[in-house]
Amino acid sequence: MYLKVKWIAQAEPLTEGAQSFLNGLVKIRLFEDPEGIIEKIKGFSHIILVAYSKRSRSTVAYVAKVISKEGVEIKVRTNNIKKPTNILHIQPYHTADDCIYSASTPNDATKFSSTPKTVMLKSMLKEAEHFHGDLCAGVAIGVRMLYRAVSELGCYPRDRELKVIVSAKGCIADGIQAPMGATNKRFRAVEPIDDTATFTYKGCSVRVKLAQSTKFNNAEEVIEANEEEVISGVEVLKA
Ligand SMILES: [Zn+2]
């Protein structure tokens, strides 16, 4: 049995390399607009794109941020479209129906240990950016603290047994909470703020302390900085 499909648009990446630190700019040109796509996505900041992947010989779905719309052209930001791609379907991204913040996958643990550090940091940073609503140096610092802690504790960010008490500013706290997918059972923010976060996993605790000397201008600088520029020390509290 065959399913007959029709391309409705062509997506073409506009940025490459350093320009697309997290998400590159992609131009989507609709061949026509029979389903009133432009009208349907009006007012939505993000859309879901269904494309055909030649490599995996299957359809794939991506979420992309809408940057601008003009006629039958939509400019979006996404990290998933690296070469000209045929689009099968476009629909708005609904915050309630399409987002499950605390979702986890069975592959989280293997993914963490088998993924290179920079790739993992960037992926965690994306989660932090979405949660925080902005990509700032603070969320990137939180991501670096979390990464260090899970490396020390030998778990992974979304591990249900990983808990944290954070004494750091809001941006940093969000950067820690988001990649954990943590609700209040696993995450707590406390005063006074002394730029530390204490992570506990299976009876073992580590306190990660932020370096005070380095000033960062943006998230990219934080992700690329050396470990000692971001974290001044890790104290093991219980073994
Ligand atoms: Zn921020």
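Just a few scattered comments:
- Label zone of Glu221 (point 7 Å out along Cα→Cβ, amide N under 11 Å): in the stretch 109-145 this covers 137-138.
- For the stretch 9-98, lysine pairs with C-alpha atoms less than 25 angstrom apart, excluding pairs fewer than eight positions apart on the same chain, total 24.
- FRET efficiency, 1/(1 + (r/R0)^6) with R0 45 Å, evaluated for Thr15 and Ser213 via beta carbons: 0.85
- Each eigenvalue of the Cα gyration tensor of the stretch 147-239, multiplied by 5 and square-rooted, gives one semi-axis; in descending order these are 20, 15, 13 Å.
- Fraction of antiparallel bridges per DSSP, the chain only, in percent to nearest 5: 95 percent
- For the stretch 1-78 and the stretch 139-206, distance of Cα centres in Å: 35 Å
- Using the alpha-carbon positions of the chain, Rg (one decimal) and Dmax (whole number) come out as 20.2, 64 Å.
- Two-site label geometry, Leu88 and Tyr101: point separation in nm, points 7 Å out along Cα→Cβ: 3.2 nm
- Per-bin percent of Cα-Cα distances, the stretch 1-128 [10 Å]: 11, 38, 36, 14, 2
- Choice from Ile141, Ile100, Ile87 with maximal GNM fluctuation in the chain (Cα, 10 Å cutoff): Ile100
- Label-to-label distance, nm, for residues given as Glu191 and Ala109 (7 Å Cα→Cβ offset): 4.0 nm
Bear in mind these aren't lab numbers, they're just calculated from the coordinates by the rules spelled out. Remember, predicted model here, so these are calculated numbers, not experimental data. Neighbour counts are summed over all protein chains in view; Cβ atoms, including those assigned to glycine, are modelled from backbone coordinates with ideal geometry.
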